[in-house]
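Asks: One structure is given below, represented as structure tokens, and several questions about it will come after.
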Amino acid sequence: MSDKSDKIPSDYRAAVEYIEELPRFTKKHSLEHTKQFLGFLGNPAADRKVIHVAGTNGKGSVCAYIQAILESEGKRTGFFTSPHLLKINERIQIGRKPVEDDDFFRVFVKAMKAVEKMRGAGLEHPSYFEFLFGMGMLCFAESDAEYIILETGLGGRLDATNAYDRPYLTVITSISLDHTDILGDTIEQIAYEKAGIIKKGIPVFFDGSCERAGDVIRREAKKKQAPCREISNHAFEIQEACRNYIAFSRNNAYDKDRMWRVPICGIYQVMNAEIALQAAEYALKGQEAHRDRWADAVAAMKWEGRMETAAPHLMVDGAHNPGAVAAFAESMGQLEPEGGELPVVIFSAVSDKKYEQMIACLCREVKAKAYIATEVDDRRKVMCGELKAVFERYTSQPVYERASAGQALKTAYEIRGEGEIYCLGSLYLAGEIKRCIQEESDDVRFCRGIKEISAKP
């Protein structure tokens, strides 16, 4: 690490600024380094039931469903997730709510004191993600969470969350090509990295939709003598799909007469819910189960930025790789166009994603009235002019370029007619769109205009 000062900031806002600056001064470290950091923190929450979740797509939703089910049974839960959409506190959740600012700052100070001791022992400062992970474990210990749900950040084998080496169970969601420069450029290589969370003798539940990924997961589970449960699409049947929910039944003796609903129109969310249900059944084994509560919890689950209706006629989705965009397209293909008109699609991406493949899929599978290419506020952003040129290689429909999410949203509402607006390509974009709608300050361009437009029926 370079010359980053470790003087402890004096309030919440300064603490957030300190953390946000860490990527400039730190680097990713080994799992051993993260274990040392946890040791300086006092190995918080080492005795809790940890559910560790990895995967390319769907892992955040699976975590959220698991947490909702456990909470419905009166269990106290902690949830470590990434990235955040609007506020950094979202990454550390207690009881399905981000930690309060005061608690965030209090735990930050404790983490900083641990860093001071690390530096004194000649160890480097934890990276952004590692530092927040340590803070999260402190929060979960102090809140007396019985179950802790850890969502990996990138991969699994070398992810900081994998420093917790005795989870209660592990879960691997769907796997597709993403972060290929780091994780490998084949399904098998990526599956191997995700399967790195499997521990000796600890059960693993996984999405069996991809045979190539499943072969790798089964092999790694066998090596580690980990009981392995593969979940296929034969575990459920979709009964109804509409814009606000999907109804499905489960093919098991306990639920053969029960109808379940997910409150998100993504077809893939049924698999995510089924994985979560089976994982929760194991986590609560031997305890009385109130399955009506589970059904209500799944139906009421909210997961921001994932097929979310963020404003009238506006859906935002965090799809940011070809697999996720294909799943989004499949889900939209099940729905009739709202008002009989084709949707307007807003799209942005960062440079380390396969954005041309995503755009090709969108143009081929999601017929749109128009496409709007925009930019996110990130150093890796792809310029909207470049995205527009890619769109024009795959569609003859109108393509607009707008330099900000606010400008893109304003244009979309102006041209949509009676149709819907779909926003995808990056979780950063989902967050910026939501910020444009929610922000009250005058310095957010088009904020008030967007609110007036979005309020129209």
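Asks: Determine, from the Cβ-Cβ distance of Asn244 and Arg166 and an R0 of 35 Å, the FRET efficiency 1/(1 + (r/R0)^6), rounded to the nearest 0.05.
Replies: 0.30
Asks: Hey, another quick one. Treating cross-link reach as a plain straight distance, find the aspartates and glutamates whose alpha-carbon is under 17 Å from the alpha-carbon of Lys59, omitting any fewer than eight places away in the same chain.
Replies: Glu90, Glu151, Asp159, Asp178, Glu193, Asp207, Glu230, Glu274, Glu304, Glu308, Asp317
Asks: Also: Of Ser30, Phe391, Ala405, whose Cα points farthest to the positive end of the dipole of the chain (charges on the beta-carbon: +1 Lys, Arg; -1 Asp, Glu; origin at the Cα centre)?
Replies: About the Cα centre, the residue reaching furthest to the positive side is Ser30.
Asks: Now, a different point. State to the nearest 20 debye the size of the charge dipole of the chain about its Cα centre, where the only charges are +1 on K and R beta carbons and -1 on D and E beta carbons.
Replies: 940 debye
Asks: If you don't mind, another one. Taking only the alpha-carbon atoms of the range 335-423, what semi-axes of the equivalent ellipsoid follow from 5 times the gyration tensor eigenvalues under a square root, in whole Å, largest first?
Replies: With the √(5λ) rule applied to the range 335-423, the semi-axes are 21, 15, 10 Å.
Asks: Follow-up. How high is the relative contact order of the chain, in percent, with contacts defined as C-alpha pairs under 8 Å that are six or more residues apart?
Replies: Relative CO of the chain lands at 14 percent.
Asks: At a temperature of 4 °C and a viscosity of 1.567 mPa s, determine how fast the chain diffuses translationally according to Stokes-Einstein, using the Kirkwood radius over alpha-carbon pairs as Rh; express D in µm²/s, rounded to the nearest whole number.
Replies: In µm²/s, the coefficient rounds to 57.
Asks: Just tell me which lysines come within less than 26 Å, Cα to Cα, of Lys7; anything on the same chain fewer than 8 places away is out.
Replies: Hits, sequence-local ones excluded: Lys27, Lys28, Lys35, Lys87, Lys110, Lys113, Lys117.
Asks: Take every Cα-Cα pair in the range 235-282 and report what % of them are more than 14 Å apart.
Replies: Result for the distance tail: 44 percent.
Asks: With both bridge residues required to lie in the range 284-386, what share of the DSSP beta bridges run antiparallel, to the nearest 5%?
Replies: Close to 50 percent.
Asks: Once ligands and nucleic acids are excluded and a 1.4 Å probe is used, how much of Leu177 is accessible, expressed in Å² to the nearest 10?
Replies: We get 60 Å² for Leu177.
Asks: Within the range 85-113, what residues put their amide N at less than 16 Å from the label point 7 Å along the Cα-to-Cβ vector of Ala14?
Replies: 102, 105-113
Asks: So, for the range 307-410, what is the accessible surface per residue at a probe of 1.4 Å, expressed in square angstrom?
Replies: 41 Å²
Asks: So what is the accessible area of the range 250-297 per residue, in Å², with the probe set to 1.4 Å?
Replies: That works out to 45 Å² for each residue.
Asks: With the dipole of the range 68-205 worked out from charges on the C-beta (+1 for Lys and Arg, -1 for Asp and Glu) around the Cα centre, which of Phe104, Leu70, Ser143 lies farthest toward the positive end?
Replies: So the residue we want is Ser143.
Asks: Using a Cα-Cα cut-off of under 22 Å, which lysines could be cross-linked to Lys256, ignoring same-chain neighbours fewer than 8 residues away?
Replies: Candidates past the 8-residue exclusion: Lys285.
Asks: Turning to a different aspect of this structure: Divide, for the range 1-149, the radius of gyration over alpha carbons by 2.2 N^0.38 Å, where N is the residue count.
Replies: Compared with the compact-globule rule of thumb, the range 1-149 sits at 1.03.
Asks: Once every DSSP H run of n ≥ 4 in the chain is given -39500 (n - 2.57) and the sum is divided by its residues, what mean residue ellipticity at 222 nm do you get, rounded to the nearest 500 deg cm²/dmol?
Replies: That comes out to -13000 deg cm²/dmol.
Asks: Testing the spin-label approximation: label points 7 Å from Cα along Cα→Cβ at Lys27 and Glu100. State their distance in nm.
Replies: 4.1 nm
Asks: A further question follows. Please compute the per residue accessible area over the range 113-249 with all protein chains in place, 1.4 Å probe, rounded to a whole number of Å².
Replies: I get 39 Å² per residue for the range 113-249.
Asks: So, one more: Output needed for the range 261-307: three equivalent-ellipsoid semi-axes, defined as square roots of 5 times the C-alpha gyration tensor eigenvalues, in descending order, whole Å.
Replies: Sorted largest first and rounded, they come to 22, 11, 8 Å.
Asks: Rounded to the nearest percent, how much of the accessible area of the chain (1.4 Å probe, protein heavy atoms only) is carbon and sulfur?
Replies: 48 percent
Asks: Dipole size in debye (nearest 20) for the range 31-122 around its Cα centre, Lys and Arg Cβ +1, Asp and Glu Cβ -1?
Replies: Value, rounded to 20: 160 debye.
Asks: Give me the Å³ per residue figure for the convex hull around the C-alpha atoms of the range 100-166.
Replies: In the range 100-166, the Cα hull volume divided by residue count equals 109 Å³.
Asks: If you don't mind, another one. Can you compute 3J(HN,Hα) from phi for each residue in the range 145-150, using the Karplus curve 6.51 cos²θ - 1.76 cosθ + 1.60 with θ = phi - 60°, rounded to whole Hz and x for Gly and Pro?
Replies: 5, 7, 10, 10, 10, 10
Asks: With only alpha-carbon atoms counted, please give the Rg and Dmax of the range 62-200, in Å.
Replies: 15.9, 45
Asks: Further, regarding this structure: Using unit Cβ charges (K, R positive; D, E negative) and no other charged atoms, how large, in debye to the nearest 20, is the dipole of the range 269-424 about its Cα centre?
Replies: For this selection, approximately 400 debye.
Asks: Can you find, among Ala160, Ser426, His313, the residue sitting farthest towards the positive end of the charge dipole of the chain, where Lys and Arg contribute +1 and Asp and Glu -1 at Cβ?
Replies: Result: Ala160.
Asks: Thinking of the range 200-352 as a set of Cα atoms, what percent of all their pairs are more than 23 Å apart?
Replies: Summing the P(r) tail past 23 Å for the range 200-352 gives 47 percent.
The values are calculated or read from the model by the stated rules, or taken from the named source; none is laboratory data. Everything numeric here is computed off the predicted structure, so don't read it as measured data. Here Cβ is always computed from backbone atoms with ideal geometry, including for glycine, and neighbour counts include all displayed protein chains. Protein only, heavy atoms only, side chains kept; ligands, DNA and RNA dropped before computing areas. Shrake-Rupley method; radii C 1.70, N 1.55, O 1.52, S 1.80 Å.
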